[in-house]
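Rule-based calculations on the coordinates, nothing more; no lab input. Please read all numbers here as calculations on a predicted model, not as lab measurements. We place every Cβ from the backbone using ideal geometry, glycine too, and count neighbours over all the protein chains shown.
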Amino acid sequence: MNNKDLLNLIDITVSFEGFLALNKLNLNLKKGELRAVIGPNGAGKTTFLDVITGKVKPTNGEVIFKGKSLVGRKEHKIARLGVGRKFQSPRIFENLTVKENLELSVTTPKSPLNLINKNIKDEQLNEIDRLMNIVNLAQKVDSKAGSLSHGQKQWLEIAMLVGQKPDLMLVDEPVAGLTDEETDLTADLLKSLSGENTVVVIDHDMEFIRRLDSNVSVLNQGTVLCEGTMETIQKDKKVIDVYLGRPEE
Amino acid sequence: MSLSKIKFDKKIVLSFWIILIALIIAAPTLLPVFRLNLLGRYLSLSIVALGVDLIWGYTGLLSLGQGIFFALGGYCAAMYLQITSSSEFPNNIPEFFALYGVEKLPFFWEPFRSPFFTFFAIWIIPALVAGLIGFLVFRNRIKGVYFSILTQASLLVFFNFFNGQQKLINGTNGLKTDVTQLFGQMVGSESMQRIFFWITAILVIAAWFFAKWVVKGRFGNILIGIRDDEPRVRFTGYNPVIFKTIIFSIAGGLAGISGALYTVQSGIVSPQFMTVPFSIEMVIWVAVGGRGTLLGAILGAVFINYAKSLVSEALPASWMFIQGGLFILVVTALPEGVLGWIQGDGPRNLLQRYGLKRKIETYPSLEVNNKEGNNE
């Protein structure tokens with residue numbers, strides 16, 4: 001642990017009635033880093049996000065974000081501290097329009113008094129315009145989010161995540177169900193976000209992870225098996241055994 | 001499926017309101033006093049229905065205990081009327097106390113000597129009680145069917161308490177208001193009832209505009225967000241507990257106003273306002289009228305209750321079957337309620353089915369200028 005770290009997970013253990021979803025997991029993230037997290041099904045990838053965002057309280061261990069412990073804080077408090085999350089399947093408000101979805105994400109402060117004021121700030125409207133252009137949804141401003149295609153929903157959720165201006169973005173399987181072209185665009189988008197933001201991407205798609213060109217952490221049975229660049233981990237014998245499978249002879 | 005924010009032809013809305021306002025103005029001359037009084041009562045019920053629509057239609061909180069707040073508002077109004085009209089009774093306290101040998105006014109009656117206090121108590125007390133119950137329930141993340149059961153259980157607690165306290169609020173007999181005096185006039189008199197009708201009509205419209213204002217913009221969108229995906233709201237940085245408490249409290253306040261208006265027009269408030277079927281009926285009015293439409297809640301409350309009185313006069317004892325049938329029909333055939341069906345694609349689909357209107361030929365995802373149209 002050092003001062004440049006944005007997030008430290010220290011010996012995180014999560015036990016669901018005896019089953020160890022996470023087992024003494026340690027992970028450190030630097031500011032501005034883009035990190036991919038992969039692992040076979042049941043490796044604890046989503047639980048790992050649940051612990052950071054406050055959905056699951058770890059049985060043991062400590063989560064330090066910007067020098068503060070996150071353990072025991074409510075989800076919305078953690079979100080306000082600067083942790084944003086995109087879910088595995090797109091979770092957007094389907095009965096609201098694209099613009100209304102983004103309004104809710106860029107609004108600050110997120111208090112009832114501020115929301116009952118019917119006028120949204122100009123800079124927030126500009127931010128919405130900017131976000132809609134980034135994710136190519138400018139023509140869909142007033143469409144119901146529920147009427148968007150799967151890929152557009154994924155992007156709307158990413159835009160909502162960016163709109164929250166989080167210091168740490170947790171992105172769970174952003175390219176599930178996307179076309180190759182969309183996958184490439186999403187990879188570029190996430191790469192452009194890192195640097196200014198710290199981004200953690202969870203995915204199965206090896207091609208996509210390779211395109212991210214980032215450090216990779218491999219999870220297996222609730223613990224970090226190996227960390228390094230894509231090249232390093234692809235040569236790692238343990239990783240090959242549990243996840244990548246042996247190359248065909 | 002969209003329950004709100006559907007574009008509804010402005011001209012239809014405008015002409016509807018003109019007709020409705022004209023009817024309200026003309027009602028006292030058109031209707032006999034008995035009918036006018038019934039209409040006034042049903043209009044006051046539409047205010048509690050607006051509250052149910054806010055918490056259920058918009059926020060997804062199915063409360064089966066709105067009768068608590070409705071009755072509290074009614075009791076506040078009745079206590080004031082009883083106490084101001086008790087000067088000729090022994091000890092200058094309401095007549096019923098003598099039956100139970102009570103000589104001193106219970107302490108919580110004292111503030112109700114003031115019309116000023118009563119005016120605020122009618123809506124603030126129910127709103128505070130709702131806020132308190134709501135906060136405790138929402139903070140513990142009780143939702144869905146457990147929330148409904150809990151509200152119904154609270155209703156029973158309140159019912160049993162009010163029903164058993166003869167020495168405090170006349171127990172099961174309730175508090176009569178029709179023979180009390182307000183500003184020198186008998187509350188049950190014809191002229192007073194006409195004034196109550198106007199007040200009710202004005203307050204229904206005011207409550208409707210207030211509810212519209214609440215659900216407009218980002219505040220209303222957060223309510224819809226809580227209804228559709230509460231964890232997402234949380235991870236976006238909003239605290240759903242606060243929003244749910246506020247809207248539940250607003251619905252409680254509306255129920256209180258509704259209960260007070262209903263009490264002065266029906267002449268009595270009693271623990272019968274807190275029976276289980278009555279609170280469920282409130283939900284049925286909104287379900288039939290159309291969840292998340294606000295106007296549907298008003299129309300549902302007025303029309304169903306009017307139908308109830310007409311049917312009950314013609315065919316006594318058959319109303320429960322009709323009401324049950326209506327509820328089943330709406331749940332199965334019109335899940336968005338009558339107004340929700342009209343505002344949605346309902347009429348167009350019906351016309352298309354019988355070949356009276358051409359089908360739309362475009363496929364939603366094949367829009368022009370849509371680069372991502374080939375995703376699915």
Under 17 Å from a point 7 Å along the Cα-to-Cβ line of B:Trp213: which residues of region B:51-73 have their amide N that close?
B:51, B:54
So who's got an amide H within less than 5 Å of the one on A:Leu219, skipping anything under 5 residues away but keeping other chains? H placed 1.01 Å off N, in plane.
A:Ile38, A:Gly39, A:Leu225
For region B:265-308 versus region A:87-152, the gap between their alpha-carbon centres in whole angstrom:
36 Å
Under 15 Å from a point 7 Å along the Cα-to-Cβ line of B:Asn140: which residues of region A:8-38 have their amide N that close?
none
Calculated on alpha-carbon atoms, Rg and Dmax of region B:262-320 in Å
12.6, 33
In square nanometres, what is one fourth of the surface area of the convex hull spanned by the alpha carbons of region B:8-51?
3.7 nm²
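With N denoting the number of residues in chain B, provide Rg(C-alpha) divided by 2.2 N^0.38 Å, to two decimal places.
Numbers: Rg = 22.7 Å, N = 376, 2.2 N^0.38 = 20.9 Å.
Relative to the 2.2 N^0.38 Å estimate, chain B comes out at 1.08.
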GNM on chain B, C-alpha springs below 10 Å: top fluctuator among B:Ser15, B:Ser86, B:Ser312?
B:Ser15
Springs between alpha-carbon pairs under 10 angstrom, Gaussian network model over chain B: which of B:Asp229, B:Asp178, B:Asp53 fluctuates most?
B:Asp229
For chain A, with a Gaussian network of springs between Cα atoms less than 10 Å apart, report the residue from A:Gly151, A:Gly18, A:Gly67 with the top mean-square fluctuation.
A:Gly18
Which three lengths, in whole Å and largest first, does region A:177-218 cover when its Cα atoms are put on their principal axes?
27, 23, 14
In range of the label at A:Lys68: residues from region A:164-183 whose backbone nitrogen is under 18 Å from the point 7 Å along Cα→Cβ
A:164-170
Kirkwood Rh, the protein assembly as shown, all Cα pairs: how many Å?
27.8 Å
Quick check on the exposure proxy: order A:Met160, B:Met320, B:Met79, A:Met132 from fewest to most C-beta atoms within 10 angstrom.
B:Met320, A:Met132, B:Met79, A:Met160
Which one of A:Val51, A:Ala159, A:Phe93 has its Cα pushed farthest toward the positive end of the charge dipole of chain A, where Lys and Arg give +1 and Asp and Glu give -1 at the Cβ?
A:Val51
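Report for the protein assembly as shown the percent antiparallel among DSSP-assigned beta bridges with both residues inside it, nearest 5.
Details: 25 of 43 bridges.
That works out to approximately 60 percent antiparallel.
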Averaging 1/r across every pair of distinct alpha carbons in region A:1-140 and inverting yields a Kirkwood hydrodynamic radius, in angstrom, of 17.4 Å
Rounded Å value of the spacing that divides the Cα centres of region B:158-200 and region B:24-46
18 Å
Whole-Hz Karplus ³J(HN,Hα) for region B:76-84, in order, using 6.51 cos²θ - 1.76 cosθ + 1.60 and θ = phi - 60°, x for Gly and Pro?
4, 5, 5, 5, 4, 5, 5, 6, 6
³J(HN,Hα) across region B:190-205 via Karplus (A = 6.51, B = -1.76, C = 1.60, θ = phi - 60°), whole Hz, x for Gly/Pro?
4, 5, 5, 4, 5, 5, 4, 4, 4, 4, 4, 4, 5, 5, 4, 5
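Would you mind calculating the relative contact order of chain B from Cα pairs under 8 angstrom and at least 6 residues apart, reporting the percent as a whole number? Numbers along the way, then the final one.
On the way: 566 pairs, mean separation 116.4, N = 376.
Relative CO of chain B lands at 31 percent.
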If you put +1 on each Lys and Arg Cβ and -1 on each Asp and Glu Cβ, how big is the dipole of the protein assembly as shown around its Cα centre, in Debye rounded to 20?
1140 debye
